[in-house]
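Report on the structure given below.
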Amino acid sequence: MAAPDLLFSLRNNFYLGAYQAAINNSEVPNLSPEDAIERDSLVYRSYIALGSYQLVINEIDSSAATPLQAVKLLALYLSSPDNKETTISSIRDWLGDPAIGNNPILRLIAGIIFIHEQDYNEALKHTNVGGTMDLHALNVQIFLKMHRSDYAEKQLRVMQQIDEDHTLTQLANAWLNLAVGGSKIQEAYLIFQDFSEKYQMTSLILNGKAVCCMHMGNFDEAESLLLEALNKDAKDPETLANLVVCSLHLGKSSSRYLNQLKLSHPDHMLVKRASSAEESFDRAVQTIA
């Protein structure tokens with residue numbers, strides 16, 4: 001009989017975006033040293049997801065295990081643009097160290113950082129061999145960002161062979177269905193609906209359902225889901241970005257949501273696109289004038 005997975009609930013909370021619940025319920029007894037490191041890395045990644053970068057930077061010292069040092073690098077990378085070059089240099093050095101370079105959490109963090117850099121080929125160098133469900137799920141995200149749903153589907157098949165019911169397998173399936181579109185949108189919606197019935201409702205689940213609704217043309221339902229998500233986290237970038245899109249389709253003003261997004265996440269893709277469009281408009285006006 002397999003030993004019980006003591007971190008199942010903690011992992012699930014993290015995967016589904018219930019970050020505060022992950023932190024609050026992280027005191028799990030009888031963990032092995034290896035499990036304790038995984039627990040700590042999930043807790044610190046939850047703090048990062050909540051924007052508490054400095055707490056993570058302050059609490060993880062130089063004596064901590066490699067996975068925690070990697071998580072600290074992610075916090076440093078996200079905390080300030082000034083840290084980007086040094087953190088990328090450090091992570092490259094660590095990945096090249098035979099003693100620690102193959103650590104799965106280090107490779108995962110490297111993948112996340114290079115995704116932020118939009119250097120997807122570099123990310124895949126470190127994540128593509130897989131080895132954990134987290135790495136396979138990150139590969140699905142990378143391939144979808146590269147518009148290679150065929151490769152994403154191959155990764156999903158690997159995940160399904162390992163554990164079809166795993167939360168990350170279900171999430172990856174929903175992401176792929178959204179990318180493929182058409183009749184697959186309804187399947188994605190049902191996955192998010194199943195999560196909402198089984199687990200605590202989070203911004204991630206609400207956004208998933210809302211995006212499905214928008215794809216199906218149900219913008220009123222999408223708006224109510226997104227407003228519920230906004231009540232849970234008023235600064236969540238995906239909620240704000242989706243509200244901009246949804247409001248435009250409903251013929252409502254989206255400027256407040258876009259302004260909030262500009263203030264809280266100036267590097268978000270939607271903000272960059274809006275700024276680019278404004279600049280193009282200004283240039284067009286100048287040529288006419």
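The numbers here are math on the coordinates, done by the rules we state, and not lab data. This one's a predicted model, so the numbers in the text were calculated from it and none came from an experiment. Note that each Cβ is placed from the backbone with ideal geometry, even for glycine, and that neighbours are counted across all protein chains shown.
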Checklist entry - Could you give the Stokes-Einstein D for the chain in µm² per second, using the C-alpha Kirkwood radius, 20 °C, 1.002 mPa s? => result 105
Checklist outcome for this item: With 0.36 nm assigned to each residue of separation and the Cα-Cα distance removed, SER253 to VAL180 gains 23.3 nm
Checklist entry - So which GluC sites (Glu not before Pro) in the stretch 93-162 are both in a DSSP loop and have at most 13 other Cβ atoms within 10 Å of their Cβ? => result GLU117
Checklist entry - So what's the back-of-envelope 222 nm ellipticity for the chain, counting only DSSP H runs of four-plus at -39500 (n - 2.57) apiece and dividing by all residues, rounded to 500? => result -23000 deg cm²/dmol
Item to check | Those trypsin sites (Lys or Arg not before Pro) in the stretch 145-224 that DSSP places in a loop and that have at most 16 other beta carbons within 10 Å | outcome: ARG148
Item to check | Label point 7 Å beyond Cα of ARG273 along Cβ direction - residues of the stretch 168-199 with amide nitrogen under 11 Å | outcome: none
Checklist outcome for this item: Surpassing 29 Å at the alpha-carbon level, of the pairs LYS84/LYS272; LYS145/LYS262; LYS198/LYS252; LYS72/LYS272; LYS198/LYS272; LYS72/LYS232, are LYS198/LYS252; LYS198/LYS272
Next on the checklist: Below 18 Å, Cα to Cα, which aspartates and glutamates can LYS235 reach? Residues fewer than 8 away in the same chain don't count.
Outcome noted: GLU223, ASP267
Checklist entry - For the Cα atoms of the chain, what angle does the longest principal axis make with the long axis of helix 149-163, in degrees from 0 to 90, nearest 10? => result 40
Next on the checklist: Angle check, please: helix 66-79 long axis (alpha carbons) against the longest principal axis of the chain (alpha carbons), in degrees 0 to 90, nearest 10.
Outcome noted: 20
Checklist entry - What residues of the stretch 211-232 lie in the reach of a label at LEU190, counting those whose backbone N is under 11 Å from a point 7 Å from the Cα along Cα→Cβ? => result none
Checklist entry - With springs only between Cα atoms under 10 Å, which of ASP93, ASP233, ASP40 fluctuates most in a Gaussian network model of the chain? => result ASP93
Item to check | GNM flexibility winner over the chain from GLN155, GLN170, GLN20 (Cα, springs under 10 Å) | outcome: GLN20
Checklist entry - Which value in nm describes the separation of the simple spin-label points at LYS235 and ASP220, placed 7 Å from the Cα toward the beta carbon? => result 3.5
Checklist entry - Among HIS147, LEU74, MET133, whose Cα lies farthest out toward the positive end of the dipole of the chain, if unit charges sit on the beta carbon of Lys, Arg (+1) and Asp, Glu (-1)? => result HIS147
Checklist entry - Roughly how big is the chain's charge dipole about its Cα centre, with Cβ charges of +1 (Lys, Arg) and -1 (Asp, Glu), in debye to the nearest 20? => result 620
Checklist entry - Any idea what angle helix 269-288 forms with the longest principal axis of the chain, computed on alpha-carbon atoms, 0 to 90 degrees, nearest 10? => result 30
Checklist outcome for this item: Quick shape check on the stretch 1-73: root eigenvalues a ≥ b ≥ c of the Cα gyration tensor, a/c under 1.5 is rounded, otherwise prolate if a/b tops b/c, else oblate, and it reads oblate
